[in-house]
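The values are calculated or read from the model by the stated rules, or taken from the named source; none is laboratory data. This is a predicted model, so every value here is computed, not measured. Quick reminder, even Gly has a Cβ in these numbers, built from the backbone with ideal geometry, and neighbours come from all protein chains shown.
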Amino acid sequence: MEQDEIFINNLFVRIQNLIPSFNKAQQKVAEYIISNKNELQYLKIKQLALNCDVSEATITRFIRKIGFSNFQNFKYALVRIDCSSRHEKSDSGFTENFDTGNPISELISKIKTEYITNIQLTLNNLDTIEILKAINTIKAGKNIYFFGVGTSSIAGKNSYLRFYRAGIKTAVFSDPAEMGIAAAIADKGDVAIALSYSGKTEVVNTAIKIAKNNGAQTIAITGPGKSPLLKMADIKITSQYEELDDYLLTSYARLSQVIIMDIIYTGVVEQNLDFSVKSVQKVSRNAIDILHH
């Protein structure tokens, strides 16, 4: 292992050991960093200073004292730590999820049980008040924007097609530049929906923040636990899971987003059923015409 890797892997131990040498303001920064390891790489220096109730200059001095030339280098180290820990967790836990001797019937039963158990957990714990708020907000919205990247963009595309087919003006964005444009033109009466299981996807959160500042209503479809997205969204809807194998979590995250959006979609359509049915029928007829030409 190279010297810089040794330094990075011992970063939090180093900060802990240096606490007695810090002044009071720097101690606040150290304690916050140690207590919020998983959030740090998503914070800008201004937000970190606000969270610690210190100045940005204090953050800069602290960063230099623990051995980094600037805040960006510190965040780069955090990303390396996170990637390393994920890699180790994946390597150590991945094979434990599999048994090459299992017959197909047991494999099907295992996957079915895990999905059904966690879907039921999500549905049983959905906040019906927030769901109803989302339904009413989308029904009243002028334009509906879906923001999501990676697997969340698949759920966004699915939702976009369903709403659009029912005659509801929607658009979906997964490209950061396109998100920025959509968020910038969002206005009062529009609705911005963020699909992010972690709630920490910076490009999605930035788009939601811009749209909200422009007067749009914002909805978060995200996973359990605290996140920057949950803090800023007007309407917060979360899915749940427990004891879910790591290799299934990505698929489950996407599936839970699709299910939640299907509930909201059904609620919106049922409030304007005649219009939605006519729109779906019209789309179906014209789609057939297009496909046969």
Inset, instruction - Any chance you could count how many residues in segment 57-70 are more than 14 Å from Ala30 (Cα to Cα) and in a helix (DSSP H, G or I)? - result: 1
Inset, instruction - Being crowded, with 16+ Cβ neighbours inside 10 Å, free of Cβ contacts under 8 Å to residues at least 40 places away in the same chain and assigned to a loop (DSSP other than H, G, I, E, B) is the filter; apply it to segment 31-56 and report the residue that is farthest from the chain's Cα centre (by Cα). - result: Val54
Inset, instruction - Using the structure shown, decide if Glu202 is in contact (Cβ under 8 Å) with a residue 40 or more places away in the chain and either out of contact with any Gly (no Cβ under 9 Å at 6 or more places or on another chain) or of a type outside the set (Val, Ile, Thr) (or both). - result: yes
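Residues are listed down the side, and each one gets a yes or a no for (1) of a type in the set (Asp, Glu); (2) surrounded by 15 or more Cβ atoms within 10 Å (Cβ to Cβ); (3) part of a loop (DSSP other than H, G, I, E, B); (4) modelled with pLDDT of 85 or more:
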| residue | (1), (2), (3), (4) |
| --- | --- |
| Ala207 | no, yes, no, yes |
| Ile210 | no, yes, no, yes |
| Gly215 | no, no, yes, yes |
| Thr218 | no, yes, no, yes |
| Pro224 | no, yes, yes, no |
| Leu230 | no, yes, no, yes |
| Gln240 | no, yes, yes, no |
| Glu243 | yes, no, yes, no |
| Ser251 | no, no, no, no |
Inset, instruction - May I ask you to say which residue of Ile116, Ile59, Ile33, Ile66 is within 20 Å of Lys226 (Cα to Cα) and modelled with pLDDT of 80 or more? - result: Ile33
Inset, instruction - Return the total of residues in segment 143-173 being free of Cβ contacts under 8 Å to residues at least 40 places away in the same chain, over 11 Å from Leu195 (Cα atoms) and assigned to a helix (DSSP H, G or I). - result: 3
Inset, instruction - Go over the candidates Lys169, Lys236, Lys200, Lys226 one by one and state the one that is touching a Leu at 6+ places or on another chain (Cβ under 6 Å) and either at positive phi or of a type outside the set (A, V, I, L, M, F, W, C) (or both). - result: Lys236
Inset, instruction - Among what's in segment 174-205 and is assigned to a helix (DSSP H, G or I) and β-branched (Val, Ile, Thr), pick the residue that is nearest to Val258 (Cα to Cα). - result: Val204
Legend entry - Residue, surrounded by the fewest Cβ atoms within 10 Å (Cβ to Cβ), within segment 160-204, restricted to residues that are among the aromatic types (Phe, Trp, Tyr) and either modelled with pLDDT of 95 or more or out of contact with any helix residue (DSSP H, G or I) (no Cβ under 9 Å at 6 or more places or on another chain) (or both): Tyr160
